[in-house]
Amino acid sequence: MNFHDEPVPGYPLPILPGHTSPGRLERVLRAGEFAITSELAPPDSANPEEVYQRARLFDGYVDAINATDGSGANCHMSSLAVCALLTRVGYAPVMQISCRDRNRIAIQGDILGCAAMGVCNLLCLSGDGVQAGDHPQAAPVFDLDSISLLTTARTLRDEHRFLSGRKITFAPRVLLGAAENPFAPPVEWRAQRLAKKVQAGAQFIQTQYCFDVRLLRSFLRQVEDLGLLGKVFILVGVGPLRSVKAAEWMRTHVPGLHIPDEVIARMAGADDAAREGRRVCIDLIQEIRSLSGVSGIHLMAYRQEDSIAEIVDASGVLGGRIPWYPGRDAAPNSNRTLS
């Protein structure tokens, strides 16, 4: 899939009818391709090269890169700054924006600012509580929540005004996203919560890690029953487990994370648990790929980012497609197709 109307490789594209952004991620999703997004762990540094080193691990394997916003309520380089650096060289970032640290004045300013820099994708989050992170003494804000944040961003984009009613001269042209967790109890209400986010403006969602396809199937049936299929692009969260100990810790300490006993047992019985963890991830991706209503995956490999290429290649879900990255079009010919 080639974008022949791309003026300069990596630059924003013309906005097609029915699209809300000039971004490549929206192009890929609306073209019906199986999209892949991933997360860049921001550095504890002011060195831009550390951002680029981390981004290069994804070259040719992901359609967009999430810039996390104080994930786990821990302090790192800001999401806005990471996005500024990524857009400077043509990457397609997803700017995560959390309600924890900003009021509505700062949030609206950041949305205008990121769009001015060429960021085409926003992921609207409530954010983890400060007590979970490395600055528990910080004052939380939570002026908005994820749903009212979506409404705010949609108001800026579609109504060309701030929440105060004051008009803006040029609206942010962005694709709006949200997070969802189909695997956290009460699971029977998760689709209804997604419906509220779609009504507020969510056009795509990225889910919590999926290690139980049975629960995902149930969620997708509920989504279909609510008439949401075709109204929102669903990117299912997946990722490799490094060890049995890590898997046990995650399912005990990460709220809403469900890892079935059979996954733990499979890794415990392997000679190389890390390799088996990657194999579990690959198998899940291939099974998820076949489900109706799934538009892609959100591949999270914290401190295992160098495994992204292996996992994507082994899963075969790109089908030979090569997502754009800086320098791709100057690279030697490949058996994969450009997009």
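Anything in segment 39-60 that is open to solvent by 40 Å² or more (accessible area, probe 1.4 Å) and over 25 Å from residue 256 (Cβ atoms)? List them, or say none.
Within segment 39-60, 44, 46, 47, 48, 49, 50, 53, 54, 56, 57 meet the criteria.
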So for segment 139-147 (the condition being assigned to a helix (DSSP H, G or I) and either closer than 28 Å to residue 299 by Cβ or touching a Phe, Trp or Tyr at 6+ places or on another chain (Cβ under 9 Å) (or both)), does at least one residue qualify? yes
What are the residues in segment 50-72 that are in a loop (DSSP other than H, G, I, E, B) and under 11 Å from the mean Cα position of the chain (by Cα), if any? 62, 63, 68
Within segment 30-49, track down each residue that is in a helix (DSSP H, G or I) and touching a residue at least 12 places away in the same chain (Cβ under 8 Å). 30, 48
Residue pairs within 6 Å by beta carbon, gap of at least six or interchain, first lying in segment 101-119 and more than 27 Å from residue 132 (Cβ to Cβ), second open to solvent by less than 40 Å² (accessible area, probe 1.4 Å) and among the hydrophobic types (A, V, I, L, M, F, W, C), listed first then second, are 115/174; 117/84
I'd like the full set of residues that are in a helix (DSSP H, G or I) and under 16 Å from residue 287 (Cβ atoms), limited to segment 233-269. 262, 263, 266
Criterion: in contact with a Lys or Arg (Cβ under 8 Å, 6 or more places away or on another chain) and either assigned to a strand (DSSP E or B) or within 15 Å of residue 295 (Cα to Cα) (or both) - qualifying residue of 178, 184, 202: 178
Answer with yes or no whether residue 259 is among the hydrophobic types (A, V, I, L, M, F, W, C), within 30 Å of residue 227 (Cα to Cα), in contact with a Lys or Arg (Cβ under 9 Å, 6 or more places away or on another chain) and open to solvent by less than 10 Å² (accessible area, probe 1.4 Å). yes
Has segment 130-143 got any residue that is of a type in the set (A, V, I, L, M, F, W, C) and buried (at least 23 other Cβ atoms within 10 Å of the Cβ)? no
Has segment 97-113 got any residue that is among the hydroxyl-bearing types (Ser, Thr, Tyr) and either on the phi > 0 side of the Ramachandran plot or open to solvent by 10 Å² or more (accessible area, probe 1.4 Å) (or both)? no
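Taking residue 77 as the residue in question, decide whether it is open to solvent by less than 10 Å² (accessible area, probe 1.4 Å) and without any contact (Cβ under 8 Å) to a residue 60 or more places away in the chain.
Numbers: open to solvent by less than 10 Å² (accessible area, probe 1.4 Å): no; without any contact (Cβ under 8 Å) to a residue 60 or more places away in the chain: yes.
No.
Here's the yes/no breakdown for (1) more than 30 Å from residue 59 (Cα to Cα); (2) not hydroxyl-bearing (Ser, Thr, Tyr):
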{"residue": "105", "(1), (2)": "yes, yes"}
{"residue": "128", "(1), (2)": "no, yes"}
{"residue": "135", "(1), (2)": "yes, yes"}
{"residue": "149", "(1), (2)": "yes, yes"}
{"residue": "152", "(1), (2)": "yes, no"}
{"residue": "164", "(1), (2)": "yes, no"}
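Considering every residue within segment 164-177, establish whether at least one is over 14 Å from residue 199 (Cα atoms) and in contact with a Phe, Trp or Tyr (Cβ under 8 Å, 6 or more places away or on another chain).
To start, the set of residues in segment 164-177 that are over 14 Å from residue 199 (Cα atoms) comprises 164-175.
Cutting the leftovers down to in contact with a Phe, Trp or Tyr (Cβ under 8 Å, 6 or more places away or on another chain) gives us 168, 175.
Scanning segment 164-177, I find at least one residue that is over 14 Å from residue 199 (Cα atoms) and in contact with a Phe, Trp or Tyr (Cβ under 8 Å, 6 or more places away or on another chain), so the answer is yes.
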Checking residue 127 against (1) crowded, with 24+ Cβ neighbours inside 10 Å; (2) at pLDDT 95 or above; (3) touching a Phe, Trp or Tyr at 6+ places or on another chain (Cβ under 8 Å): exactly one of these is not met. Which one? (2)
Which one of these does residue 223 not meet: (1) in a helix (DSSP H, G or I); (2) under 20 Å from residue 188 (Cβ atoms); (3) open to solvent by 10 Å² or more (accessible area, probe 1.4 Å)? (3)
Of all residues in segment 61-74 being polar (S, T, N, Q) and open to solvent by 30 Å² or more (accessible area, probe 1.4 Å), the one that is farthest from residue 41 (Cα to Cα): 74
Of the conditions (1) modelled with pLDDT of 85 or more; (2) more than 17 Å from residue 206 (Cα to Cα), residue 132 fails just one. Which one is it? (1)
Considering only residues that are of a type in the set (Ser, Thr, Tyr) and open to solvent by 80 Å² or more (accessible area, probe 1.4 Å), look in segment 153-192 and name the one that is nearest to residue 14 (Cα to Cα). 169
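The values are calculated or read from the model by the stated rules, or taken from the named source; none is laboratory data. All values reported here derive from a predicted model rather than from experimental measurement. Neighbour counts run over all protein chains shown; Cβ positions are idealised from the backbone, glycine included. For the accessible areas, the whole protein counts, side chains as well, though only heavy atoms, and no ligand, DNA or RNA atoms are used. Shrake-Rupley method; radii C 1.70, N 1.55, O 1.52, S 1.80 Å.
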